[in-house]
């Protein structure tokens, strides 16, 4: 009985380790993809800093100290929308 319990415990341990390794490999791939996207976005901002919403993104990143991705999201979602009045702003802020 004890031998069966040991083998079963070792097997489940190996399975957990394999799952952990697969998860870490996926995490590494996702981190590499995020890094590539951030580098591409930074390059786009360097190449054409005055195009489109880029000036707002750069100003937000510099003044507020947020990252480029956060600044880009804020500009796209909040600051560059045409809002009719204060009620439209309130609806946007409530979500």
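Placing pseudo-labels 7 Å out from each Cα toward the beta carbon at residue 20 and residue 32 gives an inter-label distance of 2.3 nm. Using alpha-carbon positions, what is the distance between the centroids of the stretch 24-47 and the stretch 58-80, in Å? Their Cα centres are 17 Å away from one another.
Quick note: the coordinates plus some simple rules give every number you see, no bench work behind them. Small disclaimer: the values here were computed from a predicted structure and weren't measured. Quick reminder, even Gly has a Cβ in these numbers, built from the backbone with ideal geometry, and neighbours come from all protein chains shown.
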